[in-house]
Amino acid sequence: MKENLYNHLIGNEEIIREAMSIARIGIWKWDLKYHAVSWSDEMYDIFEIDKRFSKEKLNQEIMKVIHPDDIDIFDNVKQIMTKTPFEYRIIHSDKSIHYIQSKAGNIIFDDHGEPSFLVGTVQEITEQKEAQLALIAAKEYAEEENASKSHFFATMSHEFRTPINVLLSSVQLFEQYLSDVECPNYDKIKKHLKSMKQSSLRLLRLVNNLIDISKIDTGYYSPDIKTYNMVSILEKIVVQDFAKYKNMSIAFQPRLKEALVRCDADMMERIMLNLISNAIKFSDKDCAIKIRLYPYKDSLMIAVKDNGIGIEKDKMELVFQRYHQVQTTLTRKSEGSGIGLAITKSLTELMGGTIMVKSRPGKGSEFIIKMPLVIHDRSRNDTELKEIVNDHQNIVLKMNVEFSDIYL
């Protein structure tokens, strides 16, 4: 019975030794009474130290192989015998650098309650560390490549703008020439000019989106925050009523005569035009779009509601993702790049707001923006209060660009 138990223990010890050898784990033991240190065989292997060295010289031999830049770390941690794992490098005889992780265990006391000895482990983690460093390097490389890509897109997008603007200007000139002279094929030419104009506007919107995405990715899109009356911003947009082209109506229902918000006016216009154009785009003719503006606690809520096709519940979280469209390529009825709502979300968050969507298939969708409301005292004569400075032509141009894929 004793012989079987002995063989069992010996077998288990060999298994443990083999496992520690595979994992490259060494064990050291420090006798606190006699200040003697003993090592497992794997310790000698890891540090490439000859077993013939006396135990008194082990510390000196270790210091010889520690990387010069890590000696202070090793020496300091060795003195306090921390139980927190710490890492350092050693240099083998072939000049290769290896990464080591050390950790001390609990102090073990004898039967009289006196400190007896301390046990710790040393593990070579070179493979894991090299994999980690390779991953970090790959991440940094990917970030640099992404920054380069964003810069390239921004540069190319600006380059695209120039010929598009030339095309638009040319079309406008042709329209002006035709209005001044008699032309037998006026209606046909006007139809083709309209197609050219709307296609150019569609390209311009795509280019604008690419520029905005690039600016957001590289951190160059910073809002010009001032205090604006949101009622004025929305009124200047809604009064243009582009929905009439689909026999639709837009009902603006503000609960406040003045709603002061800290925002970038251009960004806010861009956001609202995108939401309104989406509402028109995905709604049938003879429908109504409702724009509500109301206070909620210390925030201002802006809601754009339509009664269009709606969004499936499991797809609602996808609408704000870039390059994703809820409708598939083969079934979707409307043009688009799939980044409009992603930009809308980014711009809203840049101004300190949030956006969410409520929707039911076949019942329509409602996009709700939440912006911090400014508590404004008119008696203070606050000179920062701004009104929208955009003129009629500027608003119309923005709407033409945003709604270009609806009225073609």
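Looking at (1) surrounded by 10 or more Cβ atoms within 10 Å (Cβ to Cβ); (2) modelled with pLDDT of 85 or more, which one does SER93 not meet, given that it meets all the others?
Checking SER93 against (1) surrounded by 10 or more Cβ atoms within 10 Å (Cβ to Cβ); (2) modelled with pLDDT of 85 or more, the one that fails is (1).
Tell me the residue from PHE152, PHE117 that is assigned to a helix (DSSP H, G or I), surrounded by 11 or more Cβ atoms within 10 Å (Cβ to Cβ) and modelled with pLDDT under 85, please.
Working: PHE117 fails: assigned to a helix (DSSP H, G or I).
Going through PHE152, PHE117 in turn, just one is assigned to a helix (DSSP H, G or I), surrounded by 11 or more Cβ atoms within 10 Å (Cβ to Cβ) and modelled with pLDDT under 85: PHE152.
Does LEU167 satisfy being of a type outside the set (Ser, Thr, Tyr), within 30 Å of ASP284 (Cβ to Cβ), open to solvent by 80 Å² or more (accessible area, probe 1.4 Å) and assigned to a helix (DSSP H, G or I)? Reasoning before the result, please.
Numbers: of a type outside the set (Ser, Thr, Tyr): yes; within 30 Å of ASP284 (Cβ to Cβ): no; open to solvent by 80 Å² or more (accessible area, probe 1.4 Å): yes; assigned to a helix (DSSP H, G or I): yes.
Against the criterion (of a type outside the set (Ser, Thr, Tyr), within 30 Å of ASP284 (Cβ to Cβ), open to solvent by 80 Å² or more (accessible area, probe 1.4 Å) and assigned to a helix (DSSP H, G or I)), LEU167 does not qualify.
Does any residue in segment 180-206 that is closer than 18 Å to ASN394 by Cα come within less than 7 Å, Cβ to Cβ, of a residue that is open to solvent by 50 Å² or more (accessible area, probe 1.4 Å) and of a type in the set (S, T, N, Q) six or more places away or on a different chain, and which pairs are these?
Close Cβ pairs (under 7 Å, with a partner that is open to solvent by 50 Å² or more (accessible area, probe 1.4 Å) and of a type in the set (S, T, N, Q)) do not exist here.
Counting only residues that are surrounded by 17 or more Cβ atoms within 10 Å (Cβ to Cβ) and under 15 Å from the mean Cα position of the chain (by Cα), which one in segment 215-235 is farthest from ARG262 (Cα to Cα)?
This residue is ASP217.
I need the full set of residues from segment 217-234 which are farther than 19 Å from GLY352 by Cβ and either modelled with pLDDT under 85 or in contact with a helix residue (DSSP H, G or I) (Cβ under 8 Å, 6 or more places away or on another chain) (or both), in order please.
ASP217, THR218
Can you pull out the residues in segment 170-186 that are assigned to a helix (DSSP H, G or I) and open to solvent by 80 Å² or more (accessible area, probe 1.4 Å)? Even if it seems obvious, please write down each step before you answer.
Taking segment 170-186 and keeping what is assigned to a helix (DSSP H, G or I), we get 170-180, 186.
The answer is GLN172, LEU173, PHE174, GLN176, TYR177, ASP180.
I'd like to check something: does segment 46-54 contain any residue that is at pLDDT below 80, in a strand (DSSP E or B) and loosely packed, with under 15 Cβ neighbours inside 10 Å? Before you say what the answer is, go through the steps one by one.
From segment 46-54, those at pLDDT below 80 are 51-54; that's our starting set.
With the extra rule that they be in a strand (DSSP E or B), the set shrinks to none.
No: segment 46-54 contains no residue that is at pLDDT below 80, in a strand (DSSP E or B) and loosely packed, with under 15 Cβ neighbours inside 10 Å.
Only one of these is farther than 30 Å from ALA342 by Cβ, of a type in the set (Val, Ile, Thr) and either in contact with a helix residue (DSSP H, G or I) (Cβ under 8 Å, 6 or more places away or on another chain) or open to solvent by 90 Å² or more (accessible area, probe 1.4 Å) (or both): ILE189, ILE211. Name it. Quick ask: steps written out before the conclusion?
On the way: ILE211 fails: farther than 30 Å from ALA342 by Cβ.
Within the list ILE189, ILE211, the selection yields ILE189.
Going by the conditions given, is ILE375 modelled with pLDDT under 70 and either within 15 Å of VAL304 (Cβ to Cβ) or among the hydrophobic types (A, V, I, L, M, F, W, C) (or both)?
On the way: modelled with pLDDT under 70: yes; either within 15 Å of VAL304 (Cβ to Cβ) or among the hydrophobic types (A, V, I, L, M, F, W, C) (or both): yes.
Criteria met by ILE375.
The values are calculated or read from the model by the stated rules, or taken from the named source; none is laboratory data. These numbers were taken from a predicted model, which means no experiment stands behind them. Because the Cβ atoms are built from the backbone with ideal geometry, glycine has one as well, and the counts that use them run over all protein chains shown. Ligands, DNA and RNA are stripped out before the accessible areas are found, and what is left, the full protein with its side chains, is counted by its heavy atoms. Shrake-Rupley method; radii C 1.70, N 1.55, O 1.52, S 1.80 Å.
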